[in-house]
There are 2 protein chains.
Amino acid sequence: MSQKSYISNSVIRRLPRYYRFMGELQKEGTAKISSAELSVRMKLTASQIRQDLNCFGGFGQQGYGYNVAELRREIGDIIGVERRVGTILLGAGNLGRAITTYFDFPKYGCELIGIFDADPKLENTEIAGVSVSSMLKLRTFCEQKSPEIAVLCIPKESAGVVSKVLVGCGVKAFWNFTHYDINLHFDDIIVENVHLGDSLLTLAYNVNNTNK
Amino acid sequence: MSQKSYISNSVIRRLPRYYRFMGELQKEGTAKISSAELSVRMKLTASQIRQDLNCFGGFGQQGYGYNVAELRREIGDIIGVERRVGTILLGAGNLGRAITTYFDFPKYGCELIGIFDADPKLENTEIAGVSVSSMLKLRTFCEQKSPEIAVLCIPKESAGVVSKVLVGCGVKAFWNFTHYDINLHFDDIIVENVHLGDSLLTLAYNVNNTNK
């Protein structure tokens, strides 16, 4: 499989969706699908789908369509789903607990190997089988276990200091639930922001400004 | 204030971010800010900022900049932050509980007026002061209270049926945490998808495909 060297961000953002749709088709027992059928299902044009998948080396055969299981496996390989990237979560409040409990990290290519919180009362408690450690142990833990991803569920006010420590310890990517704009402060760091507040405000705007 | 009749989706998506930044500036005691200063802070060009805000009627004065409190209030008005849109949450599992507990709905222009779950054991329990009702009471509740927004935290398998009922009851917008693609099934419905799984997969892709 030969990937193009530059792949646009919007193509990358669609990749998990292809992966998800292929999983659903597999569950339904569909063995192959044409780009035309897939386009109806995903509300993308068939040519868009062909273009997207061509960025990753192309998987389809003219006149046959895509082999669902194979396409899913190959997209999974590209994403690195089997790799289990070492991941730590910072902040064991409501949101942090929910993400730990609700989220099946290995399904998304990650392994949650540690949780850290500033509250000493939480130390050594467990959430979904993962033990909570004191923030004071963060540096040592990172030196020993080299996590690559940090999930930030801490208050915005602590996010600046904590992200600086984490970058210093070699963390290279953030799943950022805080409203702290990490990417304004570090250049080479990978950030996925989940700005739930912005998302709900956008919804409120659209509700209040549609059919006026 | 005269809004343009067509405002692009990307401008709308930046609006909550302006609102948030104005709130921070206000907290810091900043009374006015130039588009140049704001551009450094938000990593947008000054001309982009002027263009964005012009879509909503323009707020700045040449040579003076923006009055922070006023801009925040006006953006808040445009979003409809004070309107408190009636909102219900479906699915009181880990994710639904977390969102209810963690999320200050009124801050985002919404009021959580009901929670519904299929599990009869949860009926009449409370989460963050809101009582959980049986799914069987959903229709009657909607007829009486006319919620406009539904937060979907239910399993994907139920999302098709439940969203159809909700649309039938007059719900016009979804904050959708499931992987069910609501907008593939309804045309006039407003949807904000929070696809946490897709977001984490995108992060994993970027971690696994950067500096290779």
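The values are calculated or read from the model by the stated rules, or taken from the named source; none is laboratory data. This one's a predicted model, so the numbers in the text were calculated from it and none came from an experiment. Please note: Cβ atoms are built from the backbone with ideal geometry, for glycine as well, and neighbour counts cover all protein chains shown.
Listing for the model above:
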quantity: Answer residue from the stretch B:190-202, given it is farther than 15 Å from A:GLY76 by Cβ and in a helix (DSSP H, G or I) and is nearest to the other protein chains (Cβ to nearest Cβ) among those; calculated: B:SER199
quantity: Hits in the stretch A:156-181 - residues which are within 12 Å of another protein chain (Cβ to nearest Cβ) and over 14 Å from the mean Cα position of the chain (by Cα); calculated: A:LYS156, A:GLU157, A:VAL171, A:THR178, A:HIS179, A:TYR180, A:ASP181
quantity: Residue check, A:ALA150 within 14 Å of another protein chain (Cβ to nearest Cβ) and within 20 Å of A:ARG83 (Cβ to Cβ); calculated: yes
quantity: Residue within the stretch A:53-63 that is within 22 Å of A:VAL194 (Cβ to Cβ) and touching a residue at least 12 places away in the same chain (Cβ under 8 Å) present; calculated: no
quantity: Extreme residue, surrounded by the most Cβ atoms within 10 Å (Cβ to Cβ), among residues of the stretch B:100-112 that are facing chain A (nearest Cβ under 10 Å) and assigned to a helix (DSSP H, G or I); calculated: B:TYR108
quantity: Selected residue (only one of B:ARG13, B:ARG17, B:ARG97, B:ARG72 is within 13 Å of another protein chain (Cβ to nearest Cβ), charged (D, E, K, R), in contact (Cβ under 8 Å) with a residue 40 or more places away in the chain and part of a helix (DSSP H, G or I)); calculated: B:ARG72
quantity: Leading residue by the ranking (nearest to B:ASP198 (Cα to Cα)) among those in the stretch A:20-36 that are assigned to a helix (DSSP H, G or I) and away from chain B (no Cβ under 14 Å); calculated: A:GLN26
quantity: Per-region count, the stretch A:113-127, residues among the charged types (D, E, K, R), under 20 Å from A:LYS145 (Cα atoms) and not in a strand (DSSP E or B); calculated: 1
quantity: Subset of the stretch A:41-62 [modelled with pLDDT under 80 and either in contact with a strand residue (DSSP E or B) (Cβ under 7 Å, 6 or more places away or on another chain) or within 14 Å of chain B (Cβ to nearest Cβ) (or both)]; calculated: A:PHE56, A:GLY57, A:PHE59, A:GLY60
